[in-house]
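J.: One structure is given below, represented as structure tokens, and several questions about it will come after.
The values are calculated or read from the model by the stated rules, or taken from the named source; none is laboratory data. Bear in mind that the values here come from a model prediction, so they are computed numbers and not experimental data. Cβ: placed from backbone, ideal geometry, glycine included. Neighbour counts: every protein chain shown.
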Amino acid sequence: MFRVFFVLTRNELRGYFRRKASIFWALIFPIFLLGVMLVAFGRSNSLGEVRVVFEGDTASGTAQSCRRDIEEAFTKAPVKARYSGDSGADTVLIVFPDGDAPARVLYDFNGPLASKAAARTIEIAMIGCVARARGMPSDSVVRFENTTTGKAPFDYGHFFATGILVMAFMIIGMNSTAEGIATLRERNTFKIYVCFPVSRLVFLGSVLTARIVMMLLSATLLLLVARYGFGIQLPLWRLQALRAIPIVLIGSAMLLSFGTLLASRGRSLAEVELWCNLTYYPLLFFSDLTIPLTAVPGWLRGAIHLIPTNQFAVAMRGVFIENASYAQMAFPIVAMACWALLALTLGTLRFRWYQD
């Protein structure tokens with residue numbers, strides 16, 4: 001039995017590597033999508049970069065002091081500043097007055113989010129600077145207090161890397177697995193397995209094992225490129241990376257089980273593809289993988305937390321990024337294991353060799 005299992009797993013991997021489309025979606029597309037999302041949203045807690053230009057009476061003592069405060073404020077802001085003497089589109093222009101007139105901050109009110117965030121950062125720094133120049137402590141005018149309790153700042157790089165990793169696992173575990181099984185059934189290839197004979201568990205086990213190998217390869221390539229190609233500070237060589245391996249395996253088993261269930265009764269490849277699309281896209285858009293779902297209504301938020309792929313992303317980010325313990329991530333871990341057991345049981349019981 002083990003020899004048959006090994007041969008089937010080897011053949012499954014060989015067939016996977018022969019399909020260029022499978023290689024593209026499993027290994028190349030996740031890296032391409034990561035690059036696109038980083039270009040669009042930035043990385044490392046950044047909303048992007050904006051050009052800041054100082055004009056007017058920049059030689060006065062107040063202007064010099066305020067400029068230092070503004071530059072210091074940008075070191076802690078969620079937007080990066082690039083100081084240049086040339087103004088243009090998407091530029092925040094600060095004009096210091098010659099006299100007692102108020103300073104002017106010019107920017108496009110309908111422009112990108114980075115410009116708006118930069119203007120707000122400048123506003124806060126200027127309030128403190130002017131208050132200090134008039135002999136008033138800045139906290140007597142306005143005081144900002146941090147209400148976070150040790151939580152790390154939101155990082156788009158970490159968010160995209162882990163979200164796209166789960167998305168790549170969905171492609172391999174659900175779509176590829178379901179379509180591969182449906183293709184074999186449609187071509188009556190299963191007749192050969194029945195004649196050997198090959199049990200359902202051995203066949204399905206070889207398919208799932210080959211897909212797990214592809215998932216691990218896809219995860220390794222994506223995380224290495226994210227760390228060394230895009231400069232995302234992922235904890236690849238820390239203990240928390242090893243602690244994330246069980247999360248990856250449980251999540252992989254869950255998605256593979258869903259793929260098996262989707263293909264268990266499909267009469268044709270077209271029918272299975274339809275079921276895959278009807279399952280994949282809702283899971284993709286409502287699982288907080290590539291776009292933060294911060295504006296989701298409260299009545300929908302509870303339902304989203306129950307989505308299997310969302311639990312995978314939460315557990316992955318908690319253990320791998322935030323170094324949370326397994327106890328803290330107990331609910332998503334147990335939920336993923338239950339989803340995997342349920343889907344695999346149903347997929348095995350409903351599995352059929354022939355179209356009719």
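J.: Give the residues of region 114-138 that are in contact (Cβ under 8 Å) with a residue 24 or more places away in the chain and loosely packed, with under 14 Cβ neighbours inside 10 Å, sorted by residue number. First the steps, then the outcome.
T.: Applying the first criterion (in contact (Cβ under 8 Å) with a residue 24 or more places away in the chain) to region 114-138 yields 114-115, 117-119, 121-122, 124-126, 128-130, 132-133.
The one that is in contact (Cβ under 8 Å) with a residue 24 or more places away in the chain and loosely packed, with under 14 Cβ neighbours inside 10 Å: 133.
J.: If you go through region 95-133 one residue at a time, how many are assigned to a helix (DSSP H, G or I) and at pLDDT 80 or above?
T.: Residues of region 95-133 assigned to a helix (DSSP H, G or I): 113-133.
Right, trim to at pLDDT 80 or above and you get 114-129.
Total meeting the criteria: 16.
J.: Pairs please, first residue from region 281-294 and closer than 13 Å to residue 156 by Cβ, second anywhere and exposed (fewer than 12 other Cβ atoms within 10 Å of the Cβ), Cβ atoms under 8 Å, 6+ apart in sequence or on different chains.
T.: Matching pairs, first to second residue: 292/154.
Every residue, every condition in (1) surrounded by 23 or more Cβ atoms within 10 Å (Cβ to Cβ); (2) out of contact with any Leu (no Cβ under 7 Å at 6 or more places or on another chain); (3) closer than 16 Å to residue 214 by Cβ, yes or no:
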residue	(1), (2), (3)
226	yes, no, no
231	no, yes, no
241	no, yes, no
246	no, yes, no
252	yes, yes, yes
259	yes, yes, yes
263	yes, yes, no
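J.: Give the residue, chosen from 330, 315, 343, that is at pLDDT 90 or above and touching a Phe, Trp or Tyr at 6+ places or on another chain (Cβ under 7 Å).
T.: Values: 330 fails: touching a Phe, Trp or Tyr at 6+ places or on another chain (Cβ under 7 Å); 315 fails: touching a Phe, Trp or Tyr at 6+ places or on another chain (Cβ under 7 Å).
Result of the check over 330, 315, 343: 343.
J.: Only residues in region 325-345 that are more than 15 Å from residue 246 (Cα to Cα) and not assigned by TED's automatic domain parsing to the domain that holds residue 257 count as the first member; pair them with residues that are part of a helix (DSSP H, G or I) and at pLDDT below 95, Cβ under 6 angstrom, at least 6 apart or cross-chain, and list the lot.
T.: Close Cβ pairs (under 6 Å, with a partner that is part of a helix (DSSP H, G or I) and at pLDDT below 95) do not exist here.
J.: Please pick out the residue among 245, 232 that is more than 18 Å from residue 31 (Cβ to Cβ) and among the β-branched types (Val, Ile, Thr).
T.: Numbers: 232 fails: more than 18 Å from residue 31 (Cβ to Cβ).
Unique residue meeting the criteria: 245.
J.: Restricting attention to region 302-324, which residues are in contact (Cβ under 8 Å) with a residue 40 or more places away in the chain and over 16 Å from the mean Cα position of the chain (by Cα)?
T.: The initial filter retains those residues of region 302-324 that are in contact (Cβ under 8 Å) with a residue 40 or more places away in the chain, namely 308-309, 312-313, 315-317, 319-323.
323, the sole residue that qualifies.
J.: Given the options 220, 183, name the one that is in the same structural domain as residue 340 (by TED's automatic domain parsing), in a helix (DSSP H, G or I) and over 29 Å from the mean Cα position of the chain (by Cα). Give the steps one after another, and end with the answer.
T.: Values: 220 fails: over 29 Å from the mean Cα position of the chain (by Cα).
Residue meeting the stated conditions: 183.
J.: So is residue 198 farther than 24 Å from residue 230 by Cβ, among the β-branched types (Val, Ile, Thr) and either at pLDDT 70 or above or touching a Phe, Trp or Tyr at 6+ places or on another chain (Cβ under 7 Å) (or both) or not? I'd like the intermediate steps shown before the answer.
T.: Values: farther than 24 Å from residue 230 by Cβ: yes; among the β-branched types (Val, Ile, Thr): yes; either at pLDDT 70 or above or touching a Phe, Trp or Tyr at 6+ places or on another chain (Cβ under 7 Å) (or both): yes.
Taking the combined requirement at face value, the residue satisfies it.
Each row is one residue, and each column tells you yes or no for (1) touching a Gly at 6+ places or on another chain (Cβ under 9 Å); (2) closer than 22 Å to residue 168 by Cα; (3) surrounded by 13 or more Cβ atoms within 10 Å (Cβ to Cβ).
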site	(1), (2), (3)
298	no, no, no
304	no, yes, yes
309	yes, yes, yes
315	yes, yes, yes
323	no, no, yes
328	yes, no, yes
331	no, no, no
347	yes, yes, yes
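J.: So, one more: Take region 172-191 and flag every residue that is crowded, with 23+ Cβ neighbours inside 10 Å and among the β-branched types (Val, Ile, Thr).
T.: Once the filter is applied, which keeps residues that are crowded, with 23+ Cβ neighbours inside 10 Å and among the β-branched types (Val, Ile, Thr), region 172-191 yields 172, 177, 181.
J.: Given 246, 235, which one is within 25 Å of residue 328 (Cα to Cα) and part of a helix (DSSP H, G or I)? Before you say what the answer is, go through the steps one by one.
T.: On the way: 235 fails: part of a helix (DSSP H, G or I).
Within the list 246, 235, the selection yields 246.
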